[in-house]
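Read the figures in this text as sums done on the coordinates, not as results from a lab. Bear in mind that the values here come from a model prediction, so they are computed numbers and not experimental data. Note that we place each Cβ from the backbone using ideal geometry, even for glycine, and neighbour counts take in every protein chain shown.
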Amino acid sequence: MLRKFVLFFALTLPFFAVCDIIKKPPPKPVHLTWNELACSEQDRMDIYEIVSTVAEKNKLSLLFQQNYLREKGAQVNHVHPLKFLGVIFSNPHLKTCMFYIWDDYFKRTSFMADLAPALTREADKDKLQPYLQSFCKEVGAASESVKGFFESRDWDGFVLYLIHS
């Protein structure tokens, strides 16, 4: 019995080695529409809580809530960065909150530390331009102005433009 197993193993070993060479092509990227991008009602509530808390609390309070806010941020990490900004800038209260966040160097720096790399990552994958028109329509911004920020990858200028538009 042992000889049959050894013989079977010796005969099939080259087959398994060949299987390692065969590669499947990667799946084709799925292009979602603006409305199909993930952003549930719970995601919207979490974004609202994060932005309003950061805007309304002082630095000491935020220091004590840091872990909680990081957990909330991790829960909305799957949301496309333009959809994230769309939630903020289509809500009058959150748009006002962004004035307070932007006015504070530490809050602004912390906010952009996560947002800028996400925007750059999506830009590298060419997943910002397809949503430009829908995003601008949702937040009431001029698409020609926003396009310039996308091309130069000036994310600070982009968010500042959204705050003042």
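Taking first residues from the stretch 129-158 that are within 20 Å of H31 (Cα to Cα) and partners that are aliphatic (A, V, I, L, M) and surrounded by fewer than 13 Cβ atoms within 10 Å (Cβ to Cβ), the Cβ contacts under 8 Å between residues at least 6 apart in sequence or on separate chains come to C136/A142.
Look at Y105 and say whether it is hydroxyl-bearing (S, T, Y) and buried (at least 16 other Cβ atoms within 10 Å of the Cβ).
Details: hydroxyl-bearing (S, T, Y): yes; buried (at least 16 other Cβ atoms within 10 Å of the Cβ): no.
So Y105 fails the test.
For the stretch 63-79, the set of residues classified as without any contact (Cβ under 8 Å) to a residue 12 or more places away in the chain and either hydrophobic (A, V, I, L, M, F, W, C) or buried (at least 16 other Cβ atoms within 10 Å of the Cβ) (or both) consists of L63, F64, A74, listed by residue number. Entry remark, the stretch 108-129: residues being farther than 23 Å from A74 by Cβ and surrounded by 15 or more Cβ atoms within 10 Å (Cβ to Cβ) number 0 in total.
Going by what's in this entry, would K95 be described as of a type outside the set (S, T, N, Q) and touching a residue at least 60 places away in the same chain (Cβ under 8 Å)?
On the way: of a type outside the set (S, T, N, Q): yes; touching a residue at least 60 places away in the same chain (Cβ under 8 Å): yes.
For K95, the condition - of a type outside the set (S, T, N, Q) and touching a residue at least 60 places away in the same chain (Cβ under 8 Å) - is met.
Take T120 and decide whether it is hydroxyl-bearing (S, T, Y) and within 10 Å of the chain's Cα centre (by Cα). Don't jump to the end; show me each part of the working.
Values: hydroxyl-bearing (S, T, Y): yes; within 10 Å of the chain's Cα centre (by Cα): yes.
For T120, the condition - hydroxyl-bearing (S, T, Y) and within 10 Å of the chain's Cα centre (by Cα) - is met.
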